[in-house]
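Below: one structure, written as structure tokens.
The values are calculated or read from the model by the stated rules, or taken from the named source; none is laboratory data. All figures in this text were calculated on a predicted structure; none of them were measured in a lab. So basically every Cβ, Gly included, is an ideal-geometry build from the backbone, and we count neighbours across all protein chains shown. Accessible surface is based on the protein model in full, side chains and every heavy atom, while ligands, DNA and RNA are left aside. Shrake-Rupley method; radii C 1.70, N 1.55, O 1.52, S 1.80 Å.
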Amino acid sequence: MSRNLYFEDELIEEKFNKFMLGRLISYASDYKADYIKVILFMIATGFLSLIPAAINMKIINDILPQNGVVPDNVIRMSIILLSLWVALSLGGVVAHFITTKVTAKLGNTIVCKLREDLFQKLMELNFDYYDSRPTGKILIRVTNYTDEIANFFINDMVRVVENVFIMVITIICICFVDIRMAAMVILVSIPFGFLMWLIARKLHKRMRVHRNKQSNRTAFVAEDINGLEVIKAFNREALNDEIFIELSEKYHKAFMRTTTYRELFFPLSHGVVRVICTIVIYMTALFIITNHIGAPLSLGALVIVTTYMQRFSGAMFTICQRLQSITNVTSSIERIFEVLDTENDIVEKEDAKELMDIQGEVVFDNVTFSYNQGIPVLEHVNLKVEPGQMIALVGPTGAGKTTIVSLISRFYDIDKGAIRIDGMDIRDVTLNSLRNRVGVMMQDTFLFRGEIIDNIRFSRPDATDEECMEAAKKVFAHEFIMKKPQGYHTVISSQGTELSAGEKQLLSFARLILANPDIIILDEATSNIDTETEKLIQQMFSTVLKGKTSFVIAHRLSTIKNADRILYIDNKGIMEDGSHDELVMGKGLYYQLVSR
């Protein structure tokens, strides 16, 4: 997979289409009944909101004095109509509050499900997906983009349905009042709707560029925060500021290009529509009145049509607003579904078996592997490790030592050959059972924000406090833990910045030991431990690793020489295999390494 960097725009393979929108709306299927109720309620309130205009026409035509004559029932009718008018207005306020609250709850509930699916997918994806993208570009999908989709469910979807109904019912009402004006309104609306569609298409393209620049900027910030120590150590603050300014300027230019199209919606839908509608109404009315074409147009009819046209233009304005928001969301949908649709290269077979009660035999059978297609890191590797053996891997940097041990846990899938544990191909067993049986401790230890004891318990959530403490004692971490302010309940920050590198590795050791795997992999696990502690760890190896198959990558001779077998890795394979004494006597590559 090609690598994407913070300054490179991501290419979206599948563009937004109606199926994506349908798929997004399908997340609301569990709440379909609730949405239907909300939409029906909004339609009902929208219909009721048209009644005050009819009341105004009634007042003008039947209550106000005609030729100086006041109707006999003017007071009673005035009280009734005005009371109804006030009740409908107050009811509209209450209805708006209720619908806003209900849709906000529904929208956030639905997006929580979408975000859960997205996070679950990210947890399932293999390492290659993360190797090929900056963290910031992944993070923004779970945060910003899903938040925008929440607004789609909270406001856009139901408001569009509501206002489309209002436009339709308004046109129908105008038809009953005067068909000539209704025809004129329709003629005006058609070209305007086509213009909005064209702008929406342009806006979507601009939003795609805008999203890329936003993603690049976020990726750079996330990368800088993670590498802050290195930045300060090499005085890179000023240079990184310049890079950030450049990325921000590119984002700003993309944002302004998007804004140009986005803001076209407002003057067109708000100002232009109202002006055109008003001109059409009054010109049509004037034409009808002065030329006496058709039935005469009463003052009340003119007022009600004018009011309905204001309602019509308001609904059209709202739809244009929502159309703008939906257009913004489309580029977010593309990126979210890009994650959800990413095929995971490492998948379980439907009939995968559980890996249980293993002895610990590990076999590499003619294994070939490459991170990038066509560039193999390992070629035709053959290896058989007996149960309980301790295997040390040595060799130059980049030779493939970490790759070999990563393949045992199936963090990556091999290109050719097979890896077997107790005769079972690891591709035929469940990933969960495989990784329960194979414990890994990498050089770059990672600790989570929280209590020390919870960081140890991370590998086995059901472990008791006593079991966690016992694991810490086995790796000689108990003493330094007890010196902390609250002992095992001391809260450490993310990455454990309050701890030394050696202390963090000891906690990682304890976490690994607590899981009690049958096969143990230690990748430079003693690199940050002082000599005195290393001696204690060597004692721990003789007890904790006893009877367990283990793979150790190390550069300290004191760790390597006690291994049952030492593998010298180079030139895409195993160059030498034997005990420390055997390889030294052979005076080959390992001998040269020891001599150096």
For Y251 the rounded accessible area (nearest 10 Å², probe 1.4 Å, non-protein molecules ignored) is 40
Fraction of alpha-carbon pairs in region 98-251 farther than 20 Å apart, rounded to whole percent, equals 70
One would report the antiparallel percent of DSSP beta bridges in the chain, rounded to the nearest 5, as 55
The chain: relative contact order from alpha carbon pairs under 8 Å, six or more residues apart, as a whole percent, is 15
Karplus ³J(HN,Hα) for region 562-569 (6.51 cos²θ - 1.76 cosθ + 1.60, θ = phi - 60°; Hz, whole; x = Gly/Pro) runs 8, 6, 5, 9, 10, 10, 9, 9
PRE zone check, label point 7 Å out along Cα-to-Cβ of D570, amide N under 14 Å, scope region 362-403, hits 394-401
Given unit charges at Cβ for Lys, Arg (+) and Asp, Glu (-), the dipole magnitude of the chain about its Cα centre in debye, nearest 20, is 2660
Once the in-chain neighbours fewer than 8 apart are removed, the aspartates and glutamates whose Cα is under 17 Å from K416 read D345, D365, E379, D425, D428
Phi-derived 3J(HN,Hα) across region 438-454 with the Karplus relation (6.51, -1.76, 1.60, θ = phi - 60°), rounded Hz, x for Gly and Pro, is 10, x, 10, 10, 8, 5, 7, 6, 10, 10, 9, 5, x, 6, 4, 5, 6
Distance in nm between K416 and D241 label points, each 7 Å along Cα→Cβ, equals 5.5
Given the candidates A33, Y412, H478, the one whose Cα lies deepest towards the positive end of the charge dipole of the chain, counting +1 at each Lys or Arg C-beta and -1 at each Asp or Glu C-beta, is A33
accessible surface per residue for the chain, probe 1.4 Å, DNA/RNA/ligands not counted, whole Å² -> 52
Taking a straight Cα-to-Cα line shorter than 15 Å from K587, and setting aside same-chain aspartates and glutamates fewer than 8 residues away, one finds E576, D577
Filtered hits (aspartates and glutamates, Cα-Cα < 16 Å from K205, offset >= 8 within chain) -> D9, E10, E13, E14, E263, E334
Of the candidate values (1) 30.2; (2) 32.1; (3) 25.5, the one computed for Kirkwood radius over Cα pairs in Å from this structure is (1)
With a 1.4 angstrom probe the carbon and sulfur portion of accessible area for the chain, in percent, totals 60
Here FRET efficiency (C-beta to C-beta, V584 to N382, R₀ 25 Å, nearest 0.05) is 0.60
Of 422-433, 85-96, ordering from highest average Cβ density within 10 Å down gives 422-433, 85-96
From most to least accessible, 1.4 Å probe, no ligand or DNA/RNA atoms counted, E162, E237 line up as E237, E162
Placing +1 on each Lys and Arg Cβ and -1 on each Asp and Glu Cβ in the chain, then taking the dipole about the Cα centre, the residue among S313, H252, M184 whose Cα reaches farthest towards the positive end is M184
Once all protein chains are kept in place, R208 shows an accessible area at probe 1.4 Å, nearest 10 Å², of 50
